[in-house]
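> Before I ask anything, let me first share the structure, which is written out below as structure tokens.
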Amino acid sequence: GGVGGVGTPVTVVDSDAKRLKAMKGAFGKSGVFKFRKTLRTSTGGAVVLVSSVLKKKLPRGLPEKTLILRPPEFVVGLGCERGVSAKAIETACKKALKAAEVSPLSVRNFATIDIKRDERGLIAFAKREGKPVDFFSKAKLKRIKKLPSGPSRMVMEKVGVGGVCEPAALLSAGTEKLWVKKIKAGKVTAAVARAPFTS
């Protein structure tokens, strides 16, 4: 019994300082929660761990009563050739998330260029995952002048823009830094960006 000020409080652990501060502001006065940026192995009682990290990358020795909350804070930017399957997109997405060491449960949405609105494999994959897709025009993607992996001549010839997955991920996440640069898997490219927390 740790609720209502009896027994051990629930420790909320989140390495995102802004998000932790927001939670402290919302729940701190109840006396039920303690807030920490890092998990201490000595932490007794129940723990709420707010983390996007893959399960195998989580700290060892988590208390038995641990609830892992997956914040939807990552965007996967996708680029693909015409006619790719949902399976091919899923493979690229998994590969990028593995490189990012991010749980698929922490994906907020996907992002790509607007000419892919009718790309069957992509639409089917996003629908199956239950995540929205942000579509960006060529003009908007061109606003990202410095592509982390450099421009692709092939993409420039086919689409008229130096890259798709990286600028789409950056624009959708509202950040200037990629978490994981472009990863190619067959006819699909994927990049990962983390959306900053805003209260």
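The values are calculated or read from the model by the stated rules, or taken from the named source; none is laboratory data. All values reported here derive from a predicted model rather than from experimental measurement. A quick note on method: Cβ atoms are made from the backbone with ideal geometry, for glycine too, and the neighbour counts reach across all protein chains shown. Please note that ligands, DNA and RNA were not included when accessible areas were found on the heavy atoms of the full protein model with its side chains. Shrake-Rupley method; radii C 1.70, N 1.55, O 1.52, S 1.80 Å.
> Give me, ordered by chain and number, the residues 5 or more places off residue 189 or on other chains with an amide H under 5 Å from its own placed amide H.
Those qualifying (amide H under 5 Å, at least 5 residues apart or on another chain) are 79, 80.
> If you filter the range 93-199 for trypsin sites (Lys or Arg not before Pro), then keep DSSP loop positions with at most 16 other Cβ within 10 Å, what is left?
In loop regions of the range 93-199 (DSSP not H, G, I, E or B), the sparsely surrounded trypsin sites (Lys or Arg not before Pro) are 117, 142, 143, 145, 146, 177, 187.
> With a 1.4 Å probe and every protein chain left in place, tell me how much accessible area residue 81 has, in Å² to the nearest 10.
The value for residue 81 is about 60 Å².
> Can you say what percent of the DSSP beta bridges in the range 93-199, counting only those with both residues inside, are antiparallel? Round to 5.
Roughly 55 percent of the beta bridges in the range 93-199 run antiparallel, per DSSP.
> State the Cα centre-to-centre distance between the range 31-74 and the range 85-103 in whole Å.
Cα centroid of the range 31-74 versus Cα centroid of the range 85-103: 25 Å apart.
> Another question about this same structure. May I ask you to rank 149, 52 by accessible area, largest first, using a 1.4 Å probe over the protein chains only?
149, 52
> Rounded if a/c is under 1.5, else prolate if a/b is larger than b/c, else oblate: which is the range 6-80, with a ≥ b ≥ c the root eigenvalues of its Cα gyration tensor?
Because a/c hits 1.5 or more and a/b fails to exceed b/c, the range 6-80 counts as oblate.
> Now for a separate question. Apply the a/c threshold of 1.5 to the C-alpha gyration tensor of the range 72-199 and tell me whether it is rounded, prolate or oblate.
rounded
> For residue 149, list long-range residues whose amide hydrogen, built 1.01 Å from N in the peptide plane, is under 5 Å from its own amide hydrogen.
182
> Then there is this: Kirkwood Rh, the range 1-136, all Cα pairs: how many Å?
It is 17.1 Å.
> Tell me which of 149, 33, 79 sits at the most positive position along the dipole axis of the chain, charges placed on C-beta atoms (Lys, Arg +1; Asp, Glu -1).
Comparing the listed Cα positions along the dipole, 149 ranks first.
> Starting from the residue with the highest accessible area, list 69, 97 in decreasing order, probe 1.4 Å.
In descending accessible area the options line up as 69, 97.
> Classify the range 75-129 from the C-alpha gyration tensor, please: rounded if a/c falls under 1.5, else prolate or oblate depending on whether a/b exceeds b/c.
prolate
> Additional query: Of the DSSP beta bridges with both residues in the chain, give the percent that are antiparallel, rounding to the nearest 5.
The antiparallel fraction comes to roughly 40 percent.
> Hey, what's the Kirkwood Rh for the range 141-199 if you take every pair of different alpha carbons, in angstrom?
Over the range 141-199, the inverse of the mean reciprocal pair distance is 11.8 Å.
> Would you please name the trypsin sites (Lys or Arg not before Pro) within the range 22-83 that are DSSP coil residues with at most 15 other C-beta atoms within 10 Å of their C-beta?
Answer by residue number: 37, 40, 60, 65, 82.
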